[in-house]
Amino acid sequence: MEPTEKTQNKSASPNKGIIAIIALLIVLIIVALGAVFLLRDNQKDDSNLSIGYATDASVMLDQNSLQAAMDEAAENAAKGNIGLYYVNDAYSTDGLHFECMIGNSSSNLYDMYLQIFADEAMQDQIFLSGLVPPGSGFENITLDHALDLGDTTVFVALTLVETTESGAQSIVNQVVHTMDFHVVEE
């Protein structure tokens, strides 16, 4: 007897169901393997972590010692803050003479000097100021050598200097921040 249309459809239906189940299982296996790889890569290795202790830490056994240490820390923090007024962008048409706004904030207790470097390693110094009193600064600077046409992120080292009555000078604090110097065509 030749297979009729009804018998052909009945034998094809179970095959389609088996194929669908196999395809579903393959998809589930792929998703599970992907999840395992993602979770394994996101785990951090904590085996090298350790607790460090400050070598100059001291234990305060009474309230007076603690208060004296806190007062000293507050005084040191107030003396060493560096205030700066500046505009982040400076502009030049020749790469040598820049219009900028950078100065020693009037909130500082000490004079400061500025060093500007053209590289992150702070090897290529392009500007060094003299001592700048609090409330003073620069609207124009001339670099030691010209920057190329385009944008350069420069590194500005700010150093607070205390001068005693006898004329001795000592560094109070130093910080580095960045500015963007732009050399544009005229």
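Using a 1.4 Å probe, what is the accessible area per residue for the range 78-170, in Å²?
The answer is 52 Å² per residue.
For the range 114-186, the alpha carbon convex hull comes to 110 Å³ per residue, rounded to a whole number. Each residue, Glu165 and Thr153, gets one label point 7 Å from its Cα in the Cβ direction; the gap between the two is 4.7 nm. When a 1.4 Å probe is rolled over the protein heavy atoms, the share of accessible surface on the range 110-186 that falls to carbon and sulfur comes to 45 percent. The heavy atoms of His145 present about 70 square angstrom of accessible area, all protein chains included, probe 1.4 Å.
The values are calculated or read from the model by the stated rules, or taken from the named source; none is laboratory data. All values reported here derive from a predicted model rather than from experimental measurement. As a convention, Cβ positions derive from the backbone with ideal geometry for all residues, glycine included, and neighbour counts pool all protein chains shown. Surface accessibility is based on the protein's heavy atoms, side chains included, excluding ligands, DNA and RNA. Shrake-Rupley method; radii C 1.70, N 1.55, O 1.52, S 1.80 Å.
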